[in-house]
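Structure first, then comments.
The values are calculated or read from the model by the stated rules, or taken from the named source; none is laboratory data. Computed from a prediction, not measured in an experiment: that's the story for all the values here. Quick reminder, even Gly has a Cβ in these numbers, built from the backbone with ideal geometry, and neighbours come from all protein chains shown. Ligands, DNA and RNA are stripped out before the accessible areas are found, and what is left, the full protein with its side chains, is counted by its heavy atoms. Shrake-Rupley method; radii C 1.70, N 1.55, O 1.52, S 1.80 Å.
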Amino acid sequence: MTHDHDLVLRPTAAQTEAALNPPAGRNGGDLVVETLSGLGATTVFGLPGQHALGMFDALRRSTLRYVGLRVENNAGFAADAYGRITGEAAPLLLSTGPGALMSLAALQEAAAASAPVLAIGSQIPVAGLGGGRHGHLHELRDQQASFRDIVKSVHTVRTPSQIPSAVAAAWESALTAPHGPVWVEIPQDVLLAETRLPVVTSMDATPEEVAPRPELTAVAAHLLANAERPAVIAGGGVVRADASGKLLALAERLDIPVVTTFGGKGAFPWEHPLSLQSWLEDRHTTDFLEDADVLLVVGSGLGELSSNYHTFAPRGRVIQIEADAGKLESNHPALGIHADARLALQALLETVPERRDPTAPERVSAVLTKVRDRIAAQDLGLEQQVVAAVRAALPDRSPSFWDMTILAYWAWSAFDARHPNTMHSAQGAGGLGYAFPAALGAATADPSHPVLAVSGDGGAMYSIAELATAKQYGLDVTWLIVDDGGYGILREYMTDAFGEATATELTRPDFVALAESFGVPATLTAPETLTADLAKALATPGPSVVVLPALLRMFEPTHL
């Protein structure tokens, strides 16, 4: 018997000749970029540094497109968005020590959001590895230890011949469900070492799919088919797995109401009769989900934001489909199914019979009416006006990226993403500064649609340097900055908790003049003109900035 893995492709005469006579002047850095190209990469993000120059020099001998940002953390956010938009591993090239460490907050967000980022950092020379304290520039006692708690896997290279295999293994790890960031580090002298190894022409690092066990999906199908009041919580795993179509088919076959988490925005049509939308921070939604006798949770660990701050206490049977085995039953007892959301939903579609419930749309409508009435009683017309203005200005297929700011917190609950994989925020790890550099990564990935970034003035200050990046590469990103004079949400939290706020007020620049100093057109707008100004900026190719001075407030929480 012959197995597939027993088959060895024999090189042609031309391939043999090329392998025996590789081009001169190549080094370890060439092996990195050749491997990336062989794996299918077309674009890399990063920022050069002394120990990493071998990689960056090799870029000019490759066909890879390089997009360089001004701060490593921002380069990580750009790679994160590129991975989310394309579903491909996004290479991120970094230097040693400070350069590497500056990326950690971005990699934490990529890990929380399951964004496939392939971070490749340099290291001090091989002889200095092991914590010997030789005093090399940028030296850390154990650099990879700083990454191990964040990334999916760590890969260390010590010789040039190890480079292709290490990069390929990291690529496969990043793209194995659940997607996530990985870390490869290569010493400076290995990157600079001349190599006579053959040019890397192709690599196979296809990840194994995480398929559900059939006995588990059989039980799940039985529970759903016989439920009286079933409901679905659809998380980011549905979006990452491109499973929105299968979720819609299952919901319609079973007449099941669906709510999407903040990370799962767009996973289910907003205006569908079975859509509970995304009002997870509302007690009416929480009560409805608690009342379900069978609750199907797909692609979510039901963490803090997805459980109304851990006040959600399901009373019925929970079925949890999750590609991250560590999240199975991490918050609630469940029938845990370790699987990619798309494969598990397909298995349910092939198993479950039709189930009709004519009352489901009425019950959904009743919940949404209660939510709207609760918000309407709080004098939040300005906030709803601004959310509506952004939605009206943004083309349906355009992706949007939201920083940790009050308008984003509104958008989590109230914004209609309209299509899967078009609305992204930093709610996974919750760090500031995500929106604008992430939007630059998305515009690099798909220049066919303008991209929107939304920040507060505090978060915007993390990313001002990337106006230069946007201008340099002509990236079609419109940046909406809501200027309320400080860290607005922290101001609210502190005032509510302590009676007054401390360390939240900020001196800001003139954002319009600052953007224009980079050669980026900018507009000062108002709530009444926001839709028109934003639409004009989005319709104009290249980067632009729209500044909205406004003091927005959050709706009252229901978890306290």
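A 1.4 Å probe run over segment 388-533, with the rest of the protein chains in place, finds 36 Å² accessible per residue. Across segment 204-221, coupling constants 3J(HN,Hα) worked out from phi with the 6.51/-1.76/1.60 Karplus curve, θ = phi - 60°, read 10, 9, 6, x, 6, 7, 8, 8, x, 6, x, 5, 6, 5, 5, 5, 4, 4 Hz, and Gly and Pro carry x.
Sorting 363, 213 on solvent-accessible area from highest to lowest, probe radius 1.4 Å, gives 213, 363. Compared with the dominant Cα axis of the chain, that is its longest principal axis, helix 488-498 is turned about 60°. Taking the longest Cα principal axis of the chain as reference, the axis of helix 530-539 is set at about 30 degrees. Sorted on the mean count of surrounding Cβ atoms within 10 Å across their residues, most packed first, peptides 390-396, 122-128 read 122-128, 390-396. Kirkwood radius for segment 19-92, taken over all pairs of different Cα atoms as the inverse mean of 1/r, rounds to 13.0 Å. For segment 349-360, 3J(HN,Hα) computed residue by residue from phi via the Karplus equation (6.51, -1.76, 1.60; θ = phi - 60°) reads 4, 7, 10, 7, x, 5, 9, 9, 9, x, 7, 4 Hz, glycine and proline entered as x. Between 0 and 90 degrees, the angle of helix 435-445 with respect to the longest Cα principal axis of the chain falls at about 60 degrees. Only protein atoms count toward the accessible area here, which uses a 1.4 Å probe; on segment 101-151, the carbon and sulfur part of that area reaches 49 percent. Here's how it looks for residue 277: its modeled amide H is under 5 Å from those of 260, which are all 5 or more places away or on a different chain. In this simple spin-label approximation, residue 498 and residue 325 carry label points 7 Å from Cα along the Cα→Cβ vector, and these lie 4.4 nm apart.
If one puts a single equal scatterer on every Cα of the chain and applies the Debye formula without solvent, what log₁₀ I(q)/I(0) results at q = 0.09, 0.10 Å⁻¹? Scattering profile of the chain, log10 relative to I(0): -0.72, -0.87.
Adding -39500 (n - 2.57) for every DSSP H run of four residues or longer, then dividing by how many residues the chain holds, sets the calculated 222 nm ellipticity at -11000 deg cm²/dmol.
For the pair segment 236-260 / segment 333-399, the C-alpha centres are spaced 10 Å from each other. When the chain is described by a simple charge dipole with +1 on each Lys and Arg Cβ and -1 on each Asp and Glu Cβ, the residue from 560, 359, 296 located farthest towards its positive end is 296. The Cα center of segment 48-111 and the Cα center of segment 152-203 differ in position by 14 Å. In this structure, the amide hydrogen of residue 27, modeled 1.01 Å from its nitrogen in the peptide plane, lies closer than 5 angstrom to those of 195, counting only residues at least 5 positions away or on a different chain.
Site pair residue 137 and residue 526 shows an inter-label distance of 5.4 nm when each label is modelled 7 Å from Cα along Cα→Cβ. Using R0 = 41 Å, the C-beta based FRET efficiency linking residue 12 and residue 50 works out to 0.50. The longest stretch of the chain left intact once loop-based GluC sites (Glu not before Pro) with at most 10 other Cβ atoms within 10 Å are removed from consideration, loops following DSSP, is 1-207. Annotation for segment 309-350: trypsin sites (Lys or Arg not before Pro) lying in DSSP loop with at most 15 further Cβ atoms inside 10 Å of their Cβ are 315. For residue 309 and residue 63, a Förster radius of 45 Å and the Cβ-Cβ distance give a FRET efficiency of 0.40, rounded to the nearest 0.05. Scanning residues 5 or more positions from residue 453 or on other chains, those with amide H under 5 Å from its amide H are 401, 478, 479, 480, with H placed 1.01 Å from N in the peptide plane. A simple rule links phi to the HN-Hα coupling: the Karplus curve 6.51 cos²θ - 1.76 cosθ + 1.60 with θ = phi - 60°, which for segment 186-202 gives 9, x, 4, 5, 6, 5, 8, 5, 5, 10, 10, 5, x, 4, 6, 9, 7 Hz, with x for Gly and Pro. Approximating the spin labels as points 7 Å out from Cα along Cα→Cβ, the residue 222-to-residue 42 distance works out to 4.8 nm. The slack between residue 24 and residue 540, meaning 0.36 nm per residue of separation minus the straight C-alpha distance, is 181.2 nm. Ranking 163, 105, 224 by how far each Cα lies toward the positive end of the dipole of the chain (charges on Cβ) leaves 163 at the top.
Rounded to the nearest 20 debye, the dipole magnitude of the chain is 720 debye, with +1 charges on Lys and Arg beta carbons, -1 on Asp and Glu beta carbons, and the Cα centre as origin.
In the context of the full protein assembly, residue 279 retains an accessible surface of approximately 30 Å², using a probe radius of 1.4 Å and ignoring ligands and nucleic acids.
Under 20 Å from the Cα of residue 536, which lysines turn up, not counting those fewer than eight places away in the same chain? The qualifying lysines are 471.
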